[in-house]
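Take a look at the structure set out below.
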Amino acid sequence: MNSTPDGVVNWGFVGASTWAARYLIPAVRAVPGSRGVGVFSSSRERGEEFAASNGLEKAYASLGELLSDPEVDVAYVSTTNNLHAEQAIAAARAGKHVLCEKPLALSVEDARAMLAAAAEAGVVLGTNHHLRVAPTIATMKRLVENGAIGEVVAARVFHARWLLEELQTWRLGSPEAGAGVVLDVSVHDVDAIRFLLGEEVAEVTALTANQGLAAAAVEDSVMAVLRMDGGQLVSIHDAFTVPHAGTGLELHGSTGSLIGREVIMPDPVGEVLLRREDELEPVDVGERYPIYERVVERFDAAVRGDGEPVATGEDGVRSLEVALAIRRSAAEGRAVAVSDDASRT
Ligand code: NDP
């Protein structure tokens, strides 16, 4: 089940999305042994235009048509967030491996159903939390594991930016599609922190705001504090409304701090600095390889039975449950224990 007969992994794209066009399709094209086959869009016309402009042979008229194409091994699901669960479950039941965009779903229950469908079908399910293989974050992980900053006691993550003009659609205006900065960005922060610290989030307390960019019922700004199982405190600040703050991730340890600047990004940009008392020295992060090519390489390898995707389905469930706990904490004005959160099943 977990290998393709000719060794080539063929990708079908569920959703004529910006992210597929900008990152996943170019990555699939660049990775040897990987091939893009076709796209399914809910609009025939958009699908055909998308296929032509992205070098894909096929534009499928329905999801069922894509899923019954024996040429397709992997479904990359990058529709709006409300559609992920249903489409990923259908793909798994059709025997396709699934790389699903974050957030996996809008509820933990749906996300768990996706994992169950993939397990039952014996297919690989991954979540597209790409930051784990960013050269900067991967370097920070190595340094933490090598004890470069001693015991980590605190962390700060921020992705407070002005939302790009071309992304100012359902993310701002459509709660039913899964709008809001928490599901869009905080899930990535949570995954990066879980990865770097090797700990789960125990408890969250958060405030959200609508600062006028998003529709009235949608948060476009959040500040949250997480308490990890290991006792570390982590602050998160994400926004669509802050033009000049940039992005960053800092890990503060007993013998030093790692300062990552512009590291919560889709491209291999940014820098890492090691700070000890007042001394600040740059860290060599190595080759600046395209992050999404690593994601595709690791997913292809998992399909061939070698290892796991960069982030698994379980990782996607964990980041979603923390994101939902953040929202609930903000709505209810109280700290929420992630394991007790009613939105987690
Ligand atoms: P888009 O808004 O570009 O696409 C989402 C859906 O919107 C498409 O599937 C498409 O439907 C529909 N759509 C696209 N263009 C139009 C149009 N002109 N008119 C009407 N509908 C249109 O979304 P993104 O690429 O920004 O995000 C897609 C997914 O990827 C989301 O789940 C998001 O969270 C995730 N994402 C992940 C990132 C990461 O860092 N891992 C970064 C950015 C996004 P149809 O397919 O039916 O044509």
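The values are calculated or read from the model by the stated rules, or taken from the named source; none is laboratory data. Bear in mind the structure is a predicted one, so any value in this text is a computation, not a measurement. Ideal geometry is used to build each Cβ from the backbone, glycine not excepted, and the neighbour counts take in all protein chains shown. All accessible areas refer to the heavy atoms of the entire protein, side chains included, with ligands and DNA or RNA removed. Shrake-Rupley method; radii C 1.70, N 1.55, O 1.52, S 1.80 Å.
Only one of Asp6, Asp73 is among the acidic types (Asp, Glu), away from the ligand (no atom under 12 Å from the Cβ) and modelled with pLDDT of 95 or more; which?
Values: Asp6 fails: modelled with pLDDT of 95 or more.
Answer to the check: Asp73.
Being under 14 Å from the mean Cα position of the chain (by Cα) and of a type in the set (Ser, Thr, Tyr) is the requirement here; does Thr79 meet it? Outline the logic, then answer.
Details: under 14 Å from the mean Cα position of the chain (by Cα): yes; of a type in the set (Ser, Thr, Tyr): yes.
Criteria met by Thr79.
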Quiz item: Within region 123-131, is even one residue in contact (Cβ under 8 Å) with a residue 60 or more places away in the chain, within 29 Å of Leu249 (Cβ to Cβ) and assigned to a helix (DSSP H, G or I)?
Solution: yes
Exercise. For region 115-127, indicate whether the set of residues that are more than 16 Å from the ligand (Cβ to nearest atom) and either among the polar types (S, T, N, Q) or within 17 Å of the chain's Cα centre (by Cα) (or both) is non-empty.
Key: yes
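Any residue that is closer than 24 Å to Thr208 by Cα, open to solvent by 20 Å² or more (accessible area, probe 1.4 Å) and out of contact with any Asp or Glu (no Cβ under 8 Å at 6 or more places or on another chain) - is there at least one of those in region 134-145?
Restricting attention to region 134-145, the residues satisfying the condition of being closer than 24 Å to Thr208 by Cα are none.
No, region 134-145 has no match at all.
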Quiz item: Which residues, taken from region 98-122, are among the aliphatic types (A, V, I, L, M), surrounded by fewer than 24 Cβ atoms within 10 Å (Cβ to Cβ) and part of a loop (DSSP other than H, G, I, E, B)?
Solution: Leu106
Exercise. Find all pairs meeting these conditions: Cβ atoms under 7 angstrom apart; at least six residues apart or on different chains; first residue within region 91-103 and within 14 Å of Ala117 (Cα to Cα); second residue open to solvent by 10 Å² or more (accessible area, probe 1.4 Å) and among the acidic types (Asp, Glu).
Key: Lys96/Asp73; His97/Asp73
Exercise. Just need a number here: residues in region 145-189 that are away from the ligand (no atom under 11 Å from the Cβ) and touching a Pro at 6+ places or on another chain (Cβ under 6 Å).
Key: 1
Quiz item: Which is within 12 Å of the ligand (Cβ to nearest atom), open to solvent by less than 60 Å² (accessible area, probe 1.4 Å), under 24 Å from Trp170 (Cα atoms) and under 22 Å from the mean Cα position of the chain (by Cα), of Ser43, Ser17, Ser62?
Solution: Ser17
Quiz item: Picking from Asn54, Asn81, Asn10, which residue would you name as being within 18 Å of Arg294 (Cα to Cα), open to solvent by less than 50 Å² (accessible area, probe 1.4 Å) and of a type in the set (S, T, N, Q)?
Solution: Asn10
Self-check item: Pair list, Cβ < 6 Å and 6+ apart or interchain, from region 159-177 residues that are open to solvent by 30 Å² or more (accessible area, probe 1.4 Å) to residues that are more than 11 Å from the ligand (Cβ to nearest atom) and not polar (S, T, N, Q)
Solution: His159/Asp238; Trp162/Pro243; Gly173/Ala215; Pro175/Ala217; Pro175/Val218
